[in-house]
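Read the structure below first, then the notes.
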Amino acid sequence: MIHFIKIYFWILVPLLLISGADIPVDPYKTIQHKIEITHPGEKEAVTIILNQNIDENGLPISYYMDVQSVICLEKVCKIIPVRIFWNDIGEYQKYELEEGATLEKYEDAVFESQDYLKLQTILANVNSPFKDVFIDEILTVVDEHSDEDTDAVSGATALELDEKDTVPGAALTCFTLWHWANGDVVQKIKEITGESVSEQQLKVFLVDENQAYFKIALHDLERRKNYTAPFIKVITKRVLEEETLLKSTFAYIEKAPADIYFSAAEEVFVRGKTAQQLAAIRSLKLINYKVSSSYLDRLSNQIPKLSSYQEVSFFLDVIQAKNPISKKVVENVLPLLKSDFITARRAYWFLKNQQLSATQKELLQNFEKENKSSL
């Protein structure tokens with residue numbers, strides 16, 4: 001464990017005691033979590049301590065973890081302890097070194113002041129090129145007898161990197177620290193944050209403008225098997241406004257009891273726009289629950305309001321799979337014969353396999369005669 005203690009603190013405390021001044025109290029409490037994470041530079045999973053800072057109300061505020069500056073398989077590197085900090089949703093914030101410590105580059109060159117600033121930028125970039133490379137591409141064994149030139153930017157690596165994306169001569173350090181800062185630990189932090197808060201706080205998360213909190217809340221509500229009406233109401237309201245949350249929302253409600261799932265899916269389908277309706281239709285098609293004919297009959301009342309061929313076609317796919325014979329559905333599909341031709345043709349082929357009344361058959365036959373060459 002690294003101890004980041006400044007010497008002047010021990011001089012200052014006695015002076016404060018003598019003067020009677022109030023000593024500032026750290027408002028945070030730190031909780032240690034032993035976690036197991038993978039790092040692309042390590043051959044096996046690593047067990048490490050993640051420290052969680054919570055405020056006086058017990059809410060997570062931030063996290064930090066002490067790691068090594070470089071994973072050195074050849075035992076020729078200088079390893080420096082580094083402390084990495086995140087906020088409560090796993091977003092990287094900063095790094096710190098022990099007082100007097102310096103990071104080194106290839107061939108014993110030390111980091112300069114601008115290199116530390118650049119490293120901060122690299123670690124804060126979640127889309128860094130280091131995300132998609134392997135340590136074998138970064139690390140090569142230094143051959144002192146070789147006449148070949150090494151990469152001037154990366155230093156002793158076979159990987160060519162844009163100079164803006166790495167600290168010249170320290171690609172391995174950048175790679176190592178980037179994956180510590182942006183790897184498995186991010187999800188671990190989100191999980192711990194979700195587990196640490198009350199249900200009331202999860203409600204607050206669900207309406208936070210930062211969608212990361214919404215997803216943390218969904219994940220932990222699922223873990224708690226909480227699918228109660230107050231939460232479902234907030235969730236469906238939010239997803240009706242923000243279609244980017246549809247995937248995570250349906251992943252959650254599909255694990256709810258059947259009655260809750262069907263109610264939420266209907267709410268999203270009936271009140272939603274194209275994206276919400278398509279998401280609900282896809283979910284209904286794949287859900288393992290038995291979908292009742294009456295439920296699909298009720299949803300079919302929305303057919304005239306579906307605004308695209310894709311919605312109509314997907315919905316009819318669900319009907320064919322889950323409710324193949326329904327008078328109510330037929331009644332709602334027939335008017336589509338007067339829609340744009342592509343949609344009308346899809347309705348025609350659906351109706352072709354349905355049990356129709358004499359009047360309905362006549363309408364279908366008339367459509368067939370008028371469009372015979374295009375069917």
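Which of (1) touching a residue at least 40 places away in the same chain (Cβ under 8 Å); (2) open to solvent by less than 30 Å² (accessible area, probe 1.4 Å) is the odd one out, the single condition TYR213 does not satisfy?
Evaluating TYR213 over (1) touching a residue at least 40 places away in the same chain (Cβ under 8 Å); (2) open to solvent by less than 30 Å² (accessible area, probe 1.4 Å) leaves (2) as the failure.
Filter region 180-197 down to residues that are in contact (Cβ under 8 Å) with a residue 60 or more places away in the chain and either in a loop (DSSP other than H, G, I, E, B) or under 23 Å from THR244 (Cβ atoms) (or both), then give me how many there are.
9
Anything in region 167-180 that is in contact with a Leu (Cβ under 9 Å, 6 or more places away or on another chain) and within 16 Å of GLU137 (Cβ to Cβ)? List them, or say none.
Of everything in region 167-180, those that are in contact with a Leu (Cβ under 9 Å, 6 or more places away or on another chain) and within 16 Å of GLU137 (Cβ to Cβ) turn out to be ALA170, ALA171, LEU172, THR173, CYS174, PHE175, TRP178.
Exactly one condition in (1) over 22 Å from ARG271 (Cβ atoms); (2) open to solvent by 20 Å² or more (accessible area, probe 1.4 Å) is false for SER307; which is it?
(1)
Looking only at region 237-265, how many residues end up being surrounded by fewer than 21 Cβ atoms within 10 Å (Cβ to Cβ), among the β-branched types (Val, Ile, Thr) and touching a Ser or Thr at 6+ places or on another chain (Cβ under 9 Å)?
Residues meeting the conditions: 1.
Name every residue in region 34-51 that is out of contact with any helix residue (DSSP H, G or I) (no Cβ under 6 Å at 6 or more places or on another chain), surrounded by 12 or more Cβ atoms within 10 Å (Cβ to Cβ) and either on the phi > 0 side of the Ramachandran plot or part of a strand (DSSP E or B) (or both), in order of residue number.
Passing the criteria: VAL46, ILE48, ILE49, LEU50, ASN51.
I need every pair where a residue in region 279-295 that is open to solvent by 80 Å² or more (accessible area, probe 1.4 Å) has its Cβ under 9 Å from the Cβ of a residue that is of a type in the set (Lys, Arg), sequence separation at least 6 or different chains.
LYS285/LYS322; LYS290/LYS322
When the residues of region 316-330 are filtered to those that are open to solvent by 50 Å² or more (accessible area, probe 1.4 Å) and either basic (Lys, Arg) or in contact with a helix residue (DSSP H, G or I) (Cβ under 8 Å, 6 or more places away or on another chain) (or both), which remaining residue is nearest to PRO304 (Cα to Cα)?
The residue in question is LYS328.
What are the residues in region 123-137 that are under 18 Å from VAL185 (Cβ atoms), touching a helix residue (DSSP H, G or I) at 6+ places or on another chain (Cβ under 9 Å) and either of a type in the set (S, T, N, Q) or open to solvent by 10 Å² or more (accessible area, probe 1.4 Å) (or both), if any?
If the condition is that a residue be under 18 Å from VAL185 (Cβ atoms), touching a helix residue (DSSP H, G or I) at 6+ places or on another chain (Cβ under 9 Å) and either of a type in the set (S, T, N, Q) or open to solvent by 10 Å² or more (accessible area, probe 1.4 Å) (or both), then ALA124, ASN125, VAL126, SER128, LYS131, ILE135 are the ones that fit.
Looking only at region 216-235, which residues are part of a helix (DSSP H, G or I) and either touching a residue at least 60 places away in the same chain (Cβ under 8 Å) or open to solvent by 10 Å² or more (accessible area, probe 1.4 Å) (or both)?
ILE216, HIS219, GLU222, ARG223, ALA229, PRO230, ILE232, LYS233, VAL234
Checking LYS255 against (1) under 32 Å from the mean Cα position of the chain (by Cα); (2) in contact (Cβ under 8 Å) with a residue 12 or more places away in the chain; (3) in a loop (DSSP other than H, G, I, E, B); (4) over 28 Å from LYS203 (Cα atoms), which single condition isn't satisfied?
(4)
The values are calculated or read from the model by the stated rules, or taken from the named source; none is laboratory data. The structure presented is a predicted model; accordingly, all values stated were derived computationally and were not measured. Because the Cβ atoms are built from the backbone with ideal geometry, glycine has one as well, and the counts that use them run over all protein chains shown. Surface accessibility is based on the protein's heavy atoms, side chains included, excluding ligands, DNA and RNA. Shrake-Rupley method; radii C 1.70, N 1.55, O 1.52, S 1.80 Å.
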